[in-house]
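K.L.:
The following block contains the structure, expressed as structure tokens.
Laboratory data are not the source of any read-out in this text; all were calculated from the coordinates shown. Please read all numbers here as calculations on a predicted model, not as lab measurements. Neighbour counts are summed over all protein chains in view; Cβ atoms, including those assigned to glycine, are modelled from backbone coordinates with ideal geometry.
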Amino acid sequence: MRRQASAAGEAREGSGLLFRLDPLRLPLSLTAADPVADGGSRIIEISRDGIEFSRSIRGVQMRVRLPFSEFDGVAVRVLAPGGMDPVIFLSLEHSDDDLSVLLQASEDSDECTAAARQWSRVTGRPILIAGPDGRLRNPANLRKAAATHVRRKRHGALRNRRSMVRLRQQRAASGIADTLHEGEREIIARD
């Protein structure tokens, strides 16, 4: 049984919640605006396996099913429209913007943080944070990059030391060169 959610989603009075899809109540089905589609809307069905988009363009029915692995992650964007209070948007981001899905819009940062973690667990995708330039970054990768440090080049006393094999070869070569006598006759003592 699919639960129906309107384009406005679920909203609570006085909580600062503008739109919300609950990741613990899957499967969900909702209607979203689509200016290209016939009737100006499309149907999005979210299940435990992935997302299915259904729409009709010029009478041609289209249905696209994508597993969660095709999505980049759960994006968190903070926008302050017209100098008003900031609104936090959670969306499941895809490299094609038409396939990205809005999951939640709220003014409460704690609620959005909890929702982002839940959606990340359900989808198996990382949480991505939008920077001031609009680019999405994975904060877990930023922490790992900051934690690793560059290893110093060693300037130890043993760095230029000759190995024992080279020393033996040099001694053996120098010993042979010293005992060669050219232009001399060998004297052999016989009994």
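K.L.:
Please state the relative contact order of the range 3-138 as a whole percent: Cα pairs under 8 Å, 6+ residues apart? Before the final figure, lay out the partial values.
P.N.:
Numbers: 269 pairs, mean separation 26.3, N = 136.
It comes to 19 percent, rounded to a whole number.
K.L.:
Once fully extended, how much extra length lies between Asp72 and Thr113, figured as 0.36 nm per residue of separation less the alpha-carbon to alpha-carbon distance?
P.N.:
So the extension gain works out to 13.0 nm.
K.L.:
Right, another one. Mind giving me the nanometre distance, one decimal, between the label points for Leu18 and Met84, set 7 Å out from Cα along Cα→Cβ?
P.N.:
0.6
K.L.:
Give me the dipole magnitude in Debye, nearest 20, for the range 3-138 about the Cα centre, with unit charges on the beta carbon: positive for Lys and Arg, negative for Asp and Glu. Can you show the working numbers first?
P.N.:
Values: 16 positive and 20 negative charges, 79 e Å.
For this selection, approximately 380 debye.
K.L.:
At 10 °C and 1.306 mPa s, what whole-number value in µm²/s does Stokes-Einstein give for the translational diffusion of the range 3-138, with Rh from the Kirkwood sum over Cα pairs? Let's see the in-between values first.
P.N.:
Working: Rh = 15.5 Å.
The calculation lands on 103 µm²/s.
K.L.:
OK, next. Find, among the GluC sites (Glu not before Pro) in the range 13-83, those assigned to loop by DSSP (not H, G, I, E, B) with at most 16 other beta-carbon atoms within 10 angstrom. Mind showing how you got there, number by number?
P.N.:
Details: sites: Glu13, Glu45, Glu52, Glu70; in loops: Glu13.
Answer in residue order: Glu13.
K.L.:
Give, as a single signed number, the net charge of other residues whose beta carbon lies under 9 Å from the beta carbon of Glu93, with Lys and Arg counted +1 and Asp and Glu -1. Please list the in-between numbers first.
P.N.:
On the way: positive: Arg125; negative: Asp72, Asp97.
Around Glu93, the surrounding residues sum to -1.
K.L.:
Then there is this: Taking θ as phi - 60°, what are the ³J(HN,Hα) couplings along the range 101-108 by the Karplus curve (6.51, -1.76, 1.60), each to the nearest whole Hz, with x for Gly and Pro?
P.N.:
Computed from phi, the couplings for the range 101-108 are 10, 6, 9, 7, 9, 8, 9, 8 Hz.
K.L.:
Choose one of Met84, Gln118, Gly131: the residue whose Cα lies farthest towards the positive end of the charge dipole of the range 3-138 (beta-carbon charges +1 Lys, Arg; -1 Asp, Glu; about the Cα centre).
P.N.:
Of the options given, the answer is Gln118.
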